[in-house]
Each structure stands twice: as C-alpha cells, then as structure tokens.
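*Asks:* Can you keep this structure in mind? I'll have questions shortly.
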Amino acid sequence: EPEVTQTPSHQVTQMGQEVILRCVPISNHLYFYWYRQILGQKVEFLVSFYNNEISEKSEIFDDQFSVERPDGSNFTLKIRSTKLEDSAMYFCASSEAPGGNTGELFFGEGSRLTVL
Amino acid sequence: AQSVTQLDSHVSVSEGTPVLLRCNYSSSYSPSLFWYVQHPNKGLQLLLKYTSAATLVKGINGFEAEFKKSETSFHLTKPSAHMSDAAEYFCVVSNNNDMRFGAGTRLTVKP
C-alpha cells in the first residue's frame, strides 16, 4: 500500500541551527502539507503546497520556515534558525484532491524535532 | 472560522465494552468531518469521514460516527473495544484546504 515517508524520524539540533525535514509523498498525489504537534498540544496546520507553490499557510509559518519540492518526489520543510519552541512532531501529508471536502489526507509517521 | 472540540482528553474502557469518543464542531459552512487515529510512534491514519452523504458513517476496524447537524456533533463509537484500539483519536473539521484538528482523546483499553 502506498504511504507517505518522512526522514529523519528524530532529529536533535542546537538552537539557531538550520533543519531540513524530508518527506516523500504518495506518487500520484498533487497536494502536500506540513502539520506540527507540540507535545501535549493540538495538531496544527503549517502550510499547503500545490503546483510548486504555497497555496495556504498559517500564522505559525513565518519567515523562518520554507518549503520546497526540489525534484519530482521529495517535499521538504526547512527551518532556517531553530528556536526552542520549534520542538515538536512534524507531520507531512499528501492528497490527490484538495484536503478536506473530498480529499483524504495521508500522513507520514512524523519527524520529531528536538531543539536544545 | 471553524473549530472542533473533543470533550474528553482521556477515555478508559474495558475490553469488550462500548467506546464513545465525543466531538463537537463549529463551522460557518457545511463541513467535512473526519476521525483520525494515531497509534504510538505511528502517523495519523484515517478512520472515517463524513462529506455530506449519509449521516451515519462506517469506518475501519468497526468504528462508526454519526453526523448530527442539530447538535453540531460527530461522535465516534464502537460496540466492543479491542486492546488494539488503544491510541490517540483526533476529530477534524474541514472546509476546502482548512483542516482543524481537535486536541485529541487518548483511549485506554483495560483487559
């Protein structure tokens, strides 16, 4: 069964360092997303991406964050200069159709980021 | 604006007894509603979804949910809990690309 894969599963970094989280969406999907879940809190929407550009982003997704689809398969989330409060589980998701009304989001297993 | 409230942060049941996980939503539009499950160290898996068709929705692993517009609810039920049902469950309300997650309900199943 096709699945969304994420790497690394866990990354520990020092505050101020750049981090890149990688995702391989399901191959025929066109819509891509990043969500995060701070320990003990809700899953929060960060950004959605379609046709090689950001379609929506939340207020969390500030200038420190960027997304890219560098080739036909990977979808990356970059945090330019990590802060302590960026420590969270980051989930990548993809869908065939726009997420929500009819499109089911398929989620990866998450990348846990710990900022020290 | 839309939001979802999961009324219980933790539910504990005995194996073989019914499960009820409560969810209320708020939406300005006719929403789509989902339940996702997250097992330890795993990603989020879709259990079931409501997208304006039948109000009683059946999902995987024997779960079902009923959309009640008058009560703005979408509670998740299962007649008989299994040990493997122990997980975190998320209710999600959505309109187009705007998906909002509830805080989650941790289900514990006692032998």
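The values are calculated or read from the model by the stated rules, or taken from the named source; none is laboratory data. Please read these numbers as outputs of a predicted model, since none were measured by experiment. Heads up, the Cβs are rebuilt from the backbone with ideal geometry, glycines too, and the neighbour counts pull from every protein chain shown.
*Asks:* What's the number of the condition A:Met15 fails, among (1) under 12 Å from the mean Cα position of the chain (by Cα); (2) outside any strand (DSSP E or B)?
*Replies:* (1)
*Asks:* Residues in the stretch A:41-97 that are assigned to a loop (DSSP other than H, G, I, E, B), over 19 Å from A:His10 (Cα atoms), away from chain B (no Cβ under 14 Å) and not basic (Lys, Arg): how many?
*Replies:* First, the residues of the stretch A:41-97 that are assigned to a loop (DSSP other than H, G, I, E, B): A:41-42, A:51-52, A:58-64, A:69-74, A:80-83, A:87, A:96-97.
Filter again for over 19 Å from A:His10 (Cα atoms), leaving A:42, A:51-52, A:58-64, A:69-73, A:96-97.
From the residues that got through so far, the ones that are away from chain B (no Cβ under 14 Å) too are A:52, A:62-64, A:69-73.
Adding the requirement that they be not basic (Lys, Arg) leaves A:52, A:62-64, A:70-73.
Count: 8.
*Asks:* Could you list all residues from the stretch B:52-68 that are closer than 23 Å to B:Ala87 by Cα and free of Cβ contacts under 8 Å to residues at least 24 places away in the same chain? Steps first, answer last, please.
*Replies:* Quick first cut of the stretch B:52-68, residues closer than 23 Å to B:Ala87 by Cα only: B:56-67.
Within the stretch B:52-68, B:Leu56, B:Val57, B:Lys58, B:Ile60, B:Gly62, B:Glu64, B:Glu66 meet the criteria.
*Asks:* Quickly run through the stretch A:77-99 and pick out the residues that are surrounded by 17 or more Cβ atoms within 10 Å (Cβ to Cβ) and under 13 Å from the mean Cα position of the chain (by Cα).
*Replies:* Correct list: A:Leu77, A:Ile79, A:Asp86, A:Ala88, A:Met89, A:Tyr90, A:Phe91, A:Cys92, A:Ala93, A:Ser94.
*Asks:* Those residues that are farther than 26 Å from A:Cys92 by Cα and in contact with a Lys or Arg (Cβ under 6 Å, 6 or more places away or on another chain), I need them from the stretch B:11-63; list them, please.
*Replies:* Matches in the stretch B:11-63: B:Ser14, B:Val19, B:Gly62.
*Asks:* Ok, one more. Could you check B:Lys42 against (1) touching a residue at least 12 places away in the same chain (Cβ under 8 Å); (2) under 24 Å from A:Glu109 (Cβ atoms); (3) not hydroxyl-bearing (Ser, Thr, Tyr) and say which number it fails?
*Replies:* Going through (1) touching a residue at least 12 places away in the same chain (Cβ under 8 Å); (2) under 24 Å from A:Glu109 (Cβ atoms); (3) not hydroxyl-bearing (Ser, Thr, Tyr) one by one, B:Lys42 breaks only (1).
*Asks:* Among the residues of the stretch B:39-76 satisfying the criterion of being away from chain A (no Cβ under 14 Å) and in a loop (DSSP other than H, G, I, E, B), which is farthest from A:Gln6 (Cα to Cα)?
*Replies:* Filtering first and then ranking leaves B:Ser70.
*Asks:* Do we find a residue being loosely packed, with under 12 Cβ neighbours inside 10 Å, out of contact with any helix residue (DSSP H, G or I) (no Cβ under 6 Å at 6 or more places or on another chain), within 17 Å of B:Val92 (Cβ to Cβ) and hydroxyl-bearing (Ser, Thr, Tyr) anywhere in the stretch B:12-26?
*Replies:* Within the stretch B:12-26, none of the residues are loosely packed, with under 12 Cβ neighbours inside 10 Å, out of contact with any helix residue (DSSP H, G or I) (no Cβ under 6 Å at 6 or more places or on another chain), within 17 Å of B:Val92 (Cβ to Cβ) and hydroxyl-bearing (Ser, Thr, Tyr).
*Asks:* Still on this structure: Quick check: anything in the stretch B:82-92 away from chain A (no Cβ under 12 Å), polar (S, T, N, Q), under 29 Å from A:Val4 (Cα atoms) and not in a loop (DSSP other than H, G, I, E, B)?
*Replies:* Yes - at least one qualifying residue is present in the stretch B:82-92.
*Asks:* Now for a different question. Of B:Lys49, B:Lys69, B:Lys42, B:Lys78, which residue is within 14 Å of the chain's Cα centre (by Cα) and at pLDDT below 95? Outline the logic, then answer.
*Replies:* Values: B:Lys69 fails: within 14 Å of the chain's Cα centre (by Cα); B:Lys42 fails: within 14 Å of the chain's Cα centre (by Cα); B:Lys78 fails: at pLDDT below 95.
None of the other options fit; the residue is B:Lys49.
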